[in-house]
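As structure tokens, the structure follows; a few thoughts come after it.
The values are calculated or read from the model by the stated rules, or taken from the named source; none is laboratory data. These figures come from a predicted structure and were not determined experimentally. A quick note on method: Cβ atoms are made from the backbone with ideal geometry, for glycine too, and the neighbour counts reach across all protein chains shown.
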Amino acid sequence: MANIRYRIVPIRPEAHLFEVGCTVADPDPEGQCFALPAWIPGSYLVRDFARHIVTIRAQSGSSGRGKSLALEKLDKHTWRCEPTAGPITLTCEVYAWDLSVRGAHLDATHAFFNGTSVFLRVLGKEDRRCDVEIAPPPAVGPNRARYRRWEVATALKRKRAPQWGFGLYTAADYDELIDHPVELGSFSRKTFYAKRVLHEIVITGRHRADMSRLARDMKRICEAQIDFFGAPAPMDRYVFLITAVGEGYGGLEHRASTALMCSRKDLPTPGMKEPTEAYRSFLGLVSHEYFHTWNVKRIKPAAFTPYDLNRENHTTLLWAFEGLTSYYDDLMLVRSGLLSKDKYLETLARNITQLLRAPGRKKQSVTDSSFDAWTKYYRQDENSTNSIVSYYGKGSLVGLCLDLHIRRSTGGRKSLDDVMLALWKKHGKTGLGVAEDGIERLAEAVTKLKLKRLFDRWLRSTAELPLADLLASHGVELALRPAQSEGDKGGLGPVKSASLPVRAVVGARGNAAAGEFRLTHVLEGGAAQTAGLSAGDVVAAVDGIRIGTGGMEAALAGRKPGESLQVHAFRRDELMVFTLVLGAPQADTCVLSVTEDKNAEARRLRTRWLS
């Protein structure tokens, strides 16, 4: 069978346009159909990438210069070419101005694309080998000298291309083709080996990163995770594609690479002694996306085997594939020696605080959150904090509870690690999709524990998780207190709530800018909601005093719960007056502390958990 042949060129970087060709040697005699994916695996929202196709045409022959052929559009992302006997070439222009890890971006400084944004799949021939020629921008225009310095970074296998160079690359099938993002430009790069696997770091954007330190730290993360699942790693080369910007954070996993976006300040600078909070957060992102190499790229829900790229692929298991990955990302930093146990507990306390401050946890279970990711989690609005729970955040704490429960119930003989390794053996190495109840059944089989009642409560209800009890069994005390300020997210103890002043709260969140304060979220049952304020309202004054850049925090300084305020706010262009009675803060700020080691069993369990 003839390979499918693609060619992509940044034809007009200044206009953000790629030209993408797709040649089929033996098209369907009844009319070959082509389609662009509606979403990208790993980001659970229908994004309709076909809306960025500016022009599309079909011609006979393999060069795209033959006879014009008619194209019929069948739906929002599918075309059918008129029947023809010989080769056909479909050529389209794709607009690329999405600076994210999910789409495609092109200008005179660089190019980045995911295959889901640019490569039409040839329906009925998705299992064919795909060859793709990656070409440089035309050597014309004011930037032509800059383009001569451009290189190529991707985990795609080279077929006829020099290392880091333009030329011909290849993939075993369409699924593999779209699972290797590509970066073009003049970028920084550094390589290292982890357990004999070549890893490449590529950074696009201006930065002052200490590349040597970055490589050393990332190597420790990668080796810890390869050791965890067992060598050899499931890939022979891995690429970190990092885009450094002023403000940004995110990542998307792929089978042998990841696309990461970070702020420049997140990267380590020369001479840095202790890692900053921002750098630790970046290492957590690296750890999270790398863990996905096993958990979701190879251990997959049955609903994703194979992916249906035309529509939503619903599963109740994102709590495990994203949540358990979120649990292990920081734990792997501890195991690799990049995060101290105290810093881990501080981070854990803040994660617990974040969950407790989400009223939606009382409305939506974590399995429902997983299933509704397409329509709720990825399409959040001003009421989302009141109506949904994050399968990342709560899923990670379900992982914590499951891990600690197994360790306590088996005397430390078993843990969540054993469940993950069983998943890797049964599903990751075989490609067999995980059934919706597959993790629960496997966890019981591995641990010999009866876990159904716990899973029903932790996954399928809105009951609070038994965090305090399970942490106490591992020598860690959990205490809750009211927040001391807007920025108070909890952390390590001790707790001194009795000596802390009681703050007044309005039960709303907002942004202060240009001398005004706009409400972004009004919390369920809070003082602001009771008074009638709504998200989007612009608070102009409190008790006749204009709101300044300090926002509501400054306006409430010295106020006490129960005090009544007169709030002037604009809703649309209408000025309204509200009477607001200040509330008392809830005890939703988590503080963790290591207890005195009088309990030898708790000390032993904690040591094994955080070793």
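Annotation: Ile56 fulfils all but one of (1) touching an Asp or Glu at 6+ places or on another chain (Cβ under 9 Å); (2) over 23 Å from Pro137 (Cβ atoms); the unmet one is (2). If the condition is being touching a residue at least 60 places away in the same chain (Cβ under 8 Å), touching a helix residue (DSSP H, G or I) at 6+ places or on another chain (Cβ under 8 Å) and among the charged types (D, E, K, R), then the range 182-211 contributes only Arg208.
Has the range 368-380 got at least one residue that is within 17 Å of Gly490 (Cβ to Cβ), under 21 Å from the mean Cα position of the chain (by Cα) and among the hydroxyl-bearing types (Ser, Thr, Tyr)?
First, the residues of the range 368-380 that are within 17 Å of Gly490 (Cβ to Cβ): none.
Checked against the condition, which is being within 17 Å of Gly490 (Cβ to Cβ), under 21 Å from the mean Cα position of the chain (by Cα) and among the hydroxyl-bearing types (Ser, Thr, Tyr), the range 368-380 yields no hits at all.
Residues that are among the basic types (Lys, Arg) and not assigned by TED's automatic domain parsing to the domain that holds Arg460: does the range 260-269 have at least one? Within the range 260-269, one or more residues are among the basic types (Lys, Arg) and not assigned by TED's automatic domain parsing to the domain that holds Arg460.
Looking at (1) in the same structural domain as Ser117 (by TED's automatic domain parsing); (2) surrounded by fewer than 17 Cβ atoms within 10 Å (Cβ to Cβ), which is the only condition Ala153 fails? Evaluating Ala153 over (1) in the same structural domain as Ser117 (by TED's automatic domain parsing); (2) surrounded by fewer than 17 Cβ atoms within 10 Å (Cβ to Cβ) leaves (2) as the failure. The set of residues in the range 453-486 being assigned to a helix (DSSP H, G or I) and surrounded by 15 or more Cβ atoms within 10 Å (Cβ to Cβ) consists of Leu454, Phe455, Arg457, Trp458, Leu459, Leu467, Ala468, Leu470, Leu471, Ala472. One residue alone among Ala468, Ala540 is more than 32 Å from the chain's Cα centre (by Cα), more than 16 Å from Gln586 (Cα to Cα) and without any contact (Cβ under 8 Å) to a residue 40 or more places away in the chain, and that residue is Ala540. For Thr305, the conditions (1) among the β-branched types (Val, Ile, Thr); (2) farther than 19 Å from Leu331 by Cα; (3) within 18 Å of the chain's Cα centre (by Cα) are fulfilled apart from (3). Against the test of being assigned to a loop (DSSP other than H, G, I, E, B), within 21 Å of Asn310 (Cβ to Cβ) and modelled with pLDDT of 95 or more, the options Val94, Val46, Val101 yield a single qualifying residue, Val46. For the range 132-141, the set of residues classified as in contact (Cβ under 8 Å) with a residue 12 or more places away in the chain, surrounded by fewer than 22 Cβ atoms within 10 Å (Cβ to Cβ) and touching a helix residue (DSSP H, G or I) at 6+ places or on another chain (Cβ under 9 Å) consists of Pro136, Pro138, Gly141, listed by residue number.
Take the conditions (1) over 24 Å from Gly42 (Cα atoms); (2) without any contact (Cβ under 8 Å) to a residue 40 or more places away in the chain; Val419 misses just one of them, which is (1). The requirement of being farther than 18 Å from Arg128 by Cβ, surrounded by 16 or more Cβ atoms within 10 Å (Cβ to Cβ) and under 26 Å from the mean Cα position of the chain (by Cα) is fulfilled somewhere in the range 66-78, by at least one residue.
Of the residues making up the range 240-274, just one is in contact (Cβ under 8 Å) with a residue 60 or more places away in the chain and basic (Lys, Arg), namely Arg255.
Checked against the criterion of being under 30 Å from Asp372 (Cβ atoms), outside any strand (DSSP E or B), of a type outside the set (Asp, Glu) and not assigned by TED's automatic domain parsing to the domain that holds Ile352, the candidates Lys489, Lys450 yield just one match: Lys489. A single entry from Thr353, Thr305, Thr367 fulfils the requirement of being surrounded by 22 or more Cβ atoms within 10 Å (Cβ to Cβ) and at pLDDT 95 or above: Thr367. Taking the numbered list (1) touching a Ser or Thr at 6+ places or on another chain (Cβ under 8 Å); (2) crowded, with 16+ Cβ neighbours inside 10 Å in turn, Ser63 passes all entries but (2). Checking each residue in the range 348-396 for being among the small types (Gly, Ala, Ser) and outside any helix (DSSP H, G or I) picks out Ala358, Ser365, Ala373, Ser390.
Among residues of the range 271-327 being of a type in the set (Asp, Glu) and in a helix (DSSP H, G or I), the one that is nearest to His254 (Cα to Cα) is Glu289.
Only one residue in Gln364, Gln380 is of a type in the set (S, T, N, Q) and without any contact (Cβ under 8 Å) to a residue 12 or more places away in the chain, so which one is that? Before the answer, list the steps.
Working: Gln364 fails: without any contact (Cβ under 8 Å) to a residue 12 or more places away in the chain.
None of the other options fit; the residue is Gln380.
Taken together, the residues in the range 567-611 that are aromatic (Phe, Trp, Tyr) and either touching a Lys or Arg at 6+ places or on another chain (Cβ under 7 Å) or in contact (Cβ under 8 Å) with a residue 40 or more places away in the chain (or both) amount to 2.
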